[in-house]
Amino acid sequence: MAYKLIFLGSPGAGKGTIAQKLAEHLQIPHISTGDIFRSNIKNRTPLGLQVESITSSGALVPDELTIALVQDRLQQHDASTGYILDGFPRTIPQAVALDNLASIDIAINFVVPQEVVIARLSGRLTCSGCGRGYHKIDFPPKTPNVCDICGNALITRKDDTMEAIQYRLTVYEKETAPLIQYYQEKHILANLNSNQNLENVFMELLQTLQQVNK
Ligand code: ADP
Ligand code: ZN
């Protein structure tokens, strides 16, 4: 089934992990603006150089730049029938722009208490090769500091320092949380309890998707 989905929720709510899983399951692309920025930074592209200091502080990349990037990505062939947007939109202007680009089936809001979010982010490890996420305690790799999938080293993201985490949560409350009401008013919002183990979150998500008429 090909859905056009938005994953909403605070940093550390588990959107990325579940998006990877669902994208494989449904065979649709996982479009993460954060991943796209990080791969541009790693490859030292002009875009990467432009956004490097912004993303490491936990601030948002300007809307125009982000919207243009997503517009371009959605025009690619693999996104013609369905996709998961993870980390976009993150502001009201981005959501308004998306309304003109696509017809979204459902916006999933990953709900998790703030103290859980902080614990998750401060233990997070990210693969320097493929970007897959791990956690020091909750979801460790099979071999310490090595990615199970691609074998590259795991690192702590620059924006996973305590200071940047606090800042990202403030930005989330101010800029992104209003999108919950935005999609509720459009009657396409579904809340998902993300404060449970991965398998249960995933199962609940599949149940929610089954209720969407496709
Ligand atoms: P998180 O773990 O906070 O959900 P992401 O991996 O989605 O982080 O994004 C990392 C960083 O990339 C953000 O803190 C921000 O600087 C930038 N970014 C990602 N998506 C967007 C967006 N839609 N608008 C602006 N900036 C973004
Ligand atoms: Zn990897």
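Read the figures in this text as sums done on the coordinates, not as results from a lab. Remember, it's a predicted structure, so these values are computed and weren't measured experimentally. Cβ sites come from the backbone with ideal geometry, for glycine too, and all protein chains shown count toward neighbours.
What residue, among those in segment 147-161 that are loosely packed, with under 15 Cβ neighbours inside 10 Å, more than 14 Å from ligand 1 (Cβ to nearest atom) and hydrophobic (A, V, I, L, M, F, W, C), is nearest to Ile41 (Cα to Cα)? Checking each candidate, the answer is Ala153. One residue is enough: does segment 31-43 have a residue meeting the conditions in contact with a helix residue (DSSP H, G or I) (Cβ under 9 Å, 6 or more places away or on another chain), near ligand 1 (Cβ under 8 Å from one of its atoms), without any contact (Cβ under 8 Å) to a residue 24 or more places away in the chain and β-branched (Val, Ile, Thr)? No, every residue in segment 31-43 fails to be in contact with a helix residue (DSSP H, G or I) (Cβ under 9 Å, 6 or more places away or on another chain), near ligand 1 (Cβ under 8 Å from one of its atoms), without any contact (Cβ under 8 Å) to a residue 24 or more places away in the chain and β-branched (Val, Ile, Thr).
Being more than 16 Å from ligand 2 (Cβ to nearest atom), loosely packed, with under 15 Cβ neighbours inside 10 Å and aliphatic (A, V, I, L, M) is true for just one of Leu189, Leu179, Leu101. Which residue is that?
Details: Leu189 fails: loosely packed, with under 15 Cβ neighbours inside 10 Å; Leu179 fails: loosely packed, with under 15 Cβ neighbours inside 10 Å.
Answer to the selection: Leu101.
Scanning segment 22-63 for residues that are basic (Lys, Arg) and surrounded by 17 or more Cβ atoms within 10 Å (Cβ to Cβ) turns up just one, Arg38.
Of the helices (runs of 4 or more DSSP H) lying entirely inside segment 1-58, the ones with 1 or more residues being in contact with a Ser or Thr (Cβ under 7 Å, 6 or more places away or on another chain) are found at 15-26, 33-42.
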